[in-house]
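Okay, so here's the structure we're looking at.
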Amino acid sequence: MTSPRDAGLKLLREHALIAGNPVTGASRIAVDDPATGDVIGHVPDLGAAETERAITAAADAFPDWSRSDPHARAQILRDWAALVDENTDGLAALMALENGKPFAEAKGEVAYANGFLKWFAGEAERLLGETQDSPLGHLILTFRQAVGPCALITPWNFPAAMLTRKLGPAFAAGCTAVVKPASQTPFTAIALAELADRAGLPKGVLNVVTGDAATIGGVLTASPLIRKLSFTGSTPVGRKLAEQCAPTLKRVSMELGGAAPLIVFTDADLEHAAEETVKGKFRNAGQTCVCPNRVYVEALVAAEYARVLAEKVAALTVGGAFEDGVKVGPLIEDKALDKVEAHLAALKKDGAKVLTGGGRHERGGRFFQPTVTLGGDDALFREEETFGPLVPVFPFESEDEVVAKANDSPFGLASYLFTRDLDRAMRIGRRIEAGMCGVNTGLISTPVAPFGGVKQSGYGREGSVHGIDEYVDVKAVTLALK
Ligand code: ADP
């Protein structure tokens, strides 16, 4: 029997993809396994010329694809999804190898990622328009039409799901795409593209370029042929890309950083709240933009909640993706550990107590101990996301105080609330400045829920009935009827 690891390596391709053709280059980028630092393969280091070729391929494929029968596009999405299901172990292993997340968790991501292909296959069949009588005596018909060739730039933390969350609606709408995956995790994107090709996606509809992000991003954003950019990544890069898109007035969707507050009231089920905090925080070793970044607990129960949480966190097994029972993998790169360390040092300096963990893991490399602290100053955690396995718990006194703190942040992506008081949940759910609020749950991501932020967490919504809106323009055709 092939091991999952071997199934993953079988899907590993060391080339980019332009107009359906594999593209290699003289210069290459090494991709490593974060658990060991060993190189697992290389991708070509492509530049401006290849990016222009990919844009041309997407533009050439656009007229036929955008005018194709949406039911045929839905069928291709479904066939692609079936191949993804069939290759779950291989894709999950590839992701585990390049990203470091535990294999079981990577399988969960494949299912989540595939949910977007399945959901948006249905959306292709529901590209509804409207009719309206005009006060001028005309009949107005609206059509929702594909925006055009899209540039999709994705991060390393969810190498499959961040891509299908964009490609699902793009293809459903009839858009073509040039994808630039993160250099740390390009193989999942290339493997997904190969499966799309096998599912019958016409050549040129999906192109994948690998290489220097700033060069490729510069060409994609400057091109008048690219009509839309969808980006998931950090706020500074998002800001820069939005600026670069301004001269050509591209449509832009930005899914950027967060600094999610998680609030626990005295009336909450503390055991459940702690359990859900662990689920929300330790997915991908704390490296998600919706991970709780700062936990506020009503003072009366703060010590008790923190104790229960620390107990659960101490029980998490740290290790490599393919080891038994592993719940927390390594961080993506060395500088990620520096940031967690700096955040922990700041907490300690402000008088926080370390309840469990407290530094780099004894395994060395990129492993960090799952850590819980109590007390200290929350200011840094409103401004910066830790993106690692550290949960700082801060006691609070009143509802107004905690809502003010939750909102006193440049970010507004996810938020979480634990209470049995429905009035309070609705009150705060509405007052909180965030695109998403989980009440009594730490898991809010599904293909059917709108995902996105407010303030400097970006704009636009992915998934749900709203996701396709990012990839369509509304066209009005006015009929003068006699
Ligand atoms: P992270 O901190 O998660 O790595 P980044 O914003 O740096 O977030 O990266 C997200 C994606 O954006 C990756 O695909 C990365 O290669 C890409 N990227 C980084 N810098 C630029 C840039 N200047 N132009 C275009 N893409 C970029």
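What follows is calculated from the coordinates using simple rules that are stated; it is not laboratory data. This one's a predicted model, so the numbers in the text were calculated from it and none came from an experiment. As a convention, Cβ positions derive from the backbone with ideal geometry for all residues, glycine included, and neighbour counts pool all protein chains shown.
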Flag if Val326 is under 23 Å from the mean Cα position of the chain (by Cα), closer than 29 Å to Ala346 by Cα and away from the ligand (no atom under 13 Å from the Cβ): yes
Residue within the stretch 47-55 that is outside any helix (DSSP H, G or I), in contact with a strand residue (DSSP E or B) (Cβ under 9 Å, 6 or more places away or on another chain), touching a residue at least 12 places away in the same chain (Cβ under 8 Å) and surrounded by fewer than 18 Cβ atoms within 10 Å (Cβ to Cβ) present: yes
Selection count, the stretch 284-343, where residues are basic (Lys, Arg) and more than 25 Å from Pro155 (Cβ to Cβ): 2
Leu390 within 27 Å of Thr266 (Cβ to Cβ) and touching a His at 6+ places or on another chain (Cβ under 9 Å): yes
All strands (runs of 3 or more DSSP E) inside the stretch 209-284 with 3 or more residues being more than 10 Å from the ligand (Cβ to nearest atom) and within 20 Å of the chain's Cα centre (by Cα): 251-255
Long-range neighbours under 8 Å by Cβ, at least six apart or interchain, first residue more than 20 Å from Pro102 (Cβ to Cβ) and in a helix (DSSP H, G or I) within the stretch 326-341, second within 14 Å of the ligand (Cβ to nearest atom) and hydroxyl-bearing (Ser, Thr, Tyr): Lys339/Thr386
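Conditions tested, residue by residue: (1) outside any strand (DSSP E or B); (2) in contact with an Asp or Glu (Cβ under 7 Å, 6 or more places away or on another chain); (3) buried (at least 23 other Cβ atoms within 10 Å of the Cβ).
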position	(1), (2), (3)
Asp377	yes, yes, no
Phe381	yes, no, yes
Lys405	yes, yes, no
Leu417	no, no, yes
Ala425	yes, no, no
Ala434	yes, no, yes
Thr441	yes, yes, no
Answer from Ala54, Ala19 - the residue that is hydrophobic (A, V, I, L, M, F, W, C), over 27 Å from Asp89 (Cβ atoms) and out of contact with any Gly (no Cβ under 6 Å at 6 or more places or on another chain): Ala54
Condition broken by Glu194, with the remaining ones in (1) in contact with a helix residue (DSSP H, G or I) (Cβ under 6 Å, 6 or more places away or on another chain); (2) under 30 Å from Leu331 (Cα atoms); (3) part of a helix (DSSP H, G or I); (4) away from the ligand (no atom under 14 Å from the Cβ) satisfied: (1)
Any chance Val209 is closer than 29 Å to Asn407 by Cα and in contact with a strand residue (DSSP E or B) (Cβ under 9 Å, 6 or more places away or on another chain): no
Residue within the stretch 299-312 that is surrounded by 18 or more Cβ atoms within 10 Å (Cβ to Cβ), assigned to a loop (DSSP other than H, G, I, E, B) and touching a residue at least 60 places away in the same chain (Cβ under 8 Å) present: no
